[in-house]
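Chemist: Mind having a look at this structure? Questions to follow.
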Amino acid sequence: MTSAPSAAELDRTVARLLDDLAHHDVATAEIPALGERAIAPLARYLDGPPQSFPHARQLAARLLGLIGGPAAVATLLALLTRHDLATLSPALAQSEYAVKDEVVVQLLRLERTDLADEFLAAFRRDRLPSAADALARCGVSAAIPDLVAALEDDLLAQRAAEALRRFGSRAVPELVAALRERHGERPAVTESRVSRWRRIAAATLLGEIGDRAAVTPLRFLLQDAHPAVAAAAAAALAALDPGHAPPGQCRAIVAGALSPEWRLRDRCREAADSLADACVAAAVAAVHDTETVDLYDVPVPIDRAARRWLIAFILEHAGAATGQLTASVQAVDASLLAEAVAEVRAPRAVAPLAALAPHPDPLVRAAVAHALARLGAAALGPLLRLCDDRAREVRLAATCGLRALVAANPPLATLVPAADGGPWVRCRRWWLRRALRRAAARAPGPG
């Protein structure tokens, strides 16, 4: 009969399994099989100094979470306060930071929501991302100011925002206060980038939480000196008060939709789409803008993709107001306009696209033909006119578009009339009608 392994043997076995980084799957199977006997060896392993790579110590913490029990919790809590990250070298501090974050994950996994004070201390001391989640799960309202301040931290901002979102209306007073607080990195600087980003994140969260107590503070923020902050407030107001969108708010949303900050840009584009027609005038006014500013107040060019989105937005939401559209959009660079037209997908864009059919550049007219082909039966008339275009590539694009329309909706083939005009025009129309009848005949039947 074999005797049970000694404590020293267990220590060596556990350390060997943890240090074999290539076979952690073996450690994950064998160490938990030891049950509570594994807790002491894991604790002694974690008592050792920090390592350059966190993986072995992270796995030890994870296995303690799998085993569970009061002894495992006590070991994890001790590890949470064991090493002062400020006294370690940068490499060791970063490694142990990941280990401590894993400790919080495992304590949450064990449903230890009674450790609110420990989580708050860990967040304030070591800025652990998982501690932000823990504070929200524990409902620690005292942590809200710390979480709002963490919106300035590039590493913590997303997790802090998620935690504040879970607090809901309880976080609104601190978020409203954050809208007014500005600070600079140096006395000569009016406001720093991180301060602006904190205010942008606070405005965004107020819009997501949906408490109407934030409407008035956000309306004041529309007058902010920095366009990105005003844009965040405008987008939040679009969610809180969609029935009231004055021109100043729409201008701020359009400016935000062209911002180099991708998170703000996406949020403002969603707001513009929700307000739709209300933002068209602001979009038309901005169509020839070529420059904006980043969060450092440095002028930067508006990228081509943003300008394409702006033109496509105008085309999709202009409706019947094509006069102003023609005057503003026709003057845009032809290649940019053609790229923007290619992004149009809304059926309501038929009239604005038809207004672009007389454009002097065949590249634009061909793009219009391709776009109209995606918009359904309402595009039949404009496509027929493009079939008589003077440029061959435009005629081909329009003909292909009509074939696609008829293949999807065969009765449209009967709506194509014979053409008046010279013999070449009548001949082309005859061939077109013949091709469309064939496309209708080849179209699959219903079901």
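Here, each number is a calculation from the coordinates, and none is a lab measurement. All values derive from a computational prediction rather than experimental measurement. As a convention, Cβ positions derive from the backbone with ideal geometry for all residues, glycine included, and neighbour counts pool all protein chains shown.
Chemist: Based on alpha-carbon centroids, what's the gap between the stretch 366-411 and the stretch 109-124 in Å, whole number please?
Modeler: Rounded to whole Å, the Cα centres lie 63 Å apart.
Chemist: Between His183, His23, His317, where does the largest GNM mean-square fluctuation fall for the chain, given springs only between Cα atoms within less than 10 Å?
Modeler: His23
Chemist: Right, here's the next one. For the chain, give the magnitude of the charge dipole about the Cα centre (Cβ charges: +1 Lys/Arg, -1 Asp/Glu; no others), in debye to the nearest 20. Spell out each step's value before the answer.
Modeler: Working: 52 positive and 50 negative charges, 526 e Å.
The calculated dipole for the chain is roughly 2520 debye.
Chemist: I would also like to ask the following. Step through the residues of the stretch 54-61 one at a time and calculate ³J(HN,Hα) from phi using the Karplus curve (6.51 cos²θ - 1.76 cosθ + 1.60, θ = phi - 60°), rounding each to whole Hz and writing x for Gly and Pro.
Modeler: Taking θ as phi minus 60°, the curve returns x, 4, 5, 5, 4, 5, 4, 5 Hz for the stretch 54-61.
Chemist: Would you list Tyr97, Tyr296 from fewest to most Cβ contacts within 10 Å?
Modeler: Placing the least packed residue first, the sequence is Tyr296, Tyr97.
Chemist: Please report Cys138, Cys400, Cys279 as a ranked list, fewest other C-beta atoms within 10 angstrom at the top and most at the bottom.
Modeler: Cys400, Cys138, Cys279
Chemist: Go ahead and run the numbers for FRET between Asp153 and Ala331, Cβ-Cβ distance against an R0 of 41 Å, rounding to 0.05. It would help to have the intermediate numbers written out before the result.
Modeler: Working: r = 45 Å, r/R0 = 1.09.
Calculated transfer efficiency: 0.40.
Chemist: Taking a temperature of 4 °C and a viscosity of 1.567 mPa s, what whole-number D in µm²/s does Stokes-Einstein yield for the stretch 1-112 with Rh from Kirkwood over alpha carbon pairs?
Modeler: Reported coefficient: 91 µm²/s.
Chemist: Please tell me the relative contact order of the chain in percent, rounded to the nearest whole number, where contacts are Cα pairs under 8 Å and at least six residues apart.
Modeler: 6 percent
Chemist: Name the residue farthest towards the positive end of the dipole of the chain from the options Thr216, Val104, Thr190, assuming +1 on Cβ of Lys and Arg, -1 on Cβ of Asp and Glu, about the Cα centre.
Modeler: Sorting the options by dipole projection puts first Thr216.
Chemist: Right, something else. Output the relative contact order of the stretch 1-112, whole-number percent, from Cα pairs under 8 angstrom with separation of 6+ residues.
Modeler: Dividing the mean separation by the residue count of the stretch 1-112 yields 26 percent.
Chemist: Given Cβ point charges of +1 (Lys, Arg) and -1 (Asp, Glu) and nothing else, what value in debye, to the nearest 20, does the dipole of the stretch 15-102 about its Cα centre take?
Modeler: 140 debye
Chemist: Between Pro410, Pro352, Pro70, which gets the highest mean-square fluctuation from a Gaussian network model of the chain, Cα cutoff 10 Å?
Modeler: Pro70
Chemist: Which is farthest toward the positive dipole end of the chain among Ser95, Ser52, Leu386, measuring Cα position about the Cα centre, with Cβ charges +1 (Lys, Arg) and -1 (Asp, Glu)?
Modeler: Leu386
Chemist: Okay, moving on. How much length would be gained if the chain were fully extended between Ala98 and Ala121, taking 0.36 nm per residue of separation minus their Cα-Cα distance, in nm to one decimal?
Modeler: Gain in length upon complete extension: 6.6 nm.
Chemist: Nearest 0.05, what FRET efficiency do Arg263 and Ala4 give at R0 = 51 Å with Cβ-Cβ as r?
Modeler: So the FRET efficiency works out to roughly 0.35.
Chemist: In terms of modelled amide H atoms, which long-range or inter-chain residues lie less than 5 Å from the amide H of Val293?
Modeler: Excluding prolines and chain starts, which carry no amide H, the hits are Val300.
Chemist: At 0.692 mPa s and 37 °C, plugging the Kirkwood radius over alpha-carbon pairs of the chain into Stokes-Einstein gives what diffusion coefficient in µm²/s?
Modeler: Translational diffusion coefficient: 123 µm²/s.
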